[in-house]
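Undergrad: Mind having a look at this structure? Questions to follow.
The values are calculated or read from the model by the stated rules, or taken from the named source; none is laboratory data. Quick caveat, the model's predicted, so the values are computed rather than measured. Neighbour counts are summed over all protein chains in view; Cβ atoms, including those assigned to glycine, are modelled from backbone coordinates with ideal geometry. The area values use the complete protein model at the heavy-atom level, side chains included, leaving out ligands, DNA and RNA. Shrake-Rupley method; radii C 1.70, N 1.55, O 1.52, S 1.80 Å.
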Amino acid sequence: MIILPKTIKILDEMGENIKLARLRRKFSSEQVAERANISRPTLTAIENGKPTVSIGSYLLVLQVLGLEKDFLFLAKDDQLGRKLQDASISTNERAPKRKDKNG
């Protein structure tokens, strides 16, 4: 699998954000790993933005940090998808004729 540099940068930033959230809460990596039921090396991989870690492990760590609802923001504002959807909506050339009230 080829991972683009911009994707690597996103993963790096996400890992750094998770690490900062852990540190702000004054949790050790051992505490978070134990509570998330993952190994410390897996937590380190998450905090380093490694693409090989399962998305479920990321969610478990966010859950421990009280940030699991952040997952709901993934792909929430799909601007490109909406534009593509709107572009494929066909419209009639003319509006349909309105029926007269008298029949």
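Undergrad: Step through the table entries K26/K76; K6/K69; K50/K76; K50/K83, compare each Cα-Cα distance with 26 Å, and write down the pairs that go over it.
TA: Over 26 Å apart, Cα to Cα: K26/K76; K50/K83.
Undergrad: Per 10 Å bin, what percent of the C-alpha pairs of the chain does each bin hold, from zero upward?
TA: 12, 34, 20, 11, 8, 7, 6, 2
Undergrad: Another one. Can you sort L84, L20 by solvent-accessible area, 1.4 Å probe, largest first?
TA: Details: L84 110, L20 65 Å².
If we order L84, L20 from most to least accessible, we get L84, L20.
Undergrad: Just to be sure I understand: with springs between alpha-carbon atoms less than 10 Å apart, which residue in D86, D70, D78 has the highest mean-square fluctuation in the Gaussian network model of the chain?
TA: D86
Undergrad: Oh, and also: Please compute the contact order of the chain in relative form: average sequence separation of alpha-carbon pairs under 8 Å and at least six residues apart, divided by the residue count, as a percent.
TA: The value is 24 percent.
Undergrad: If you don't mind, there's one more thing I want to ask. What's the local net charge at T7, with K and R +1, D and E -1, over the other residues with C-beta under 14 Å away?
TA: +1
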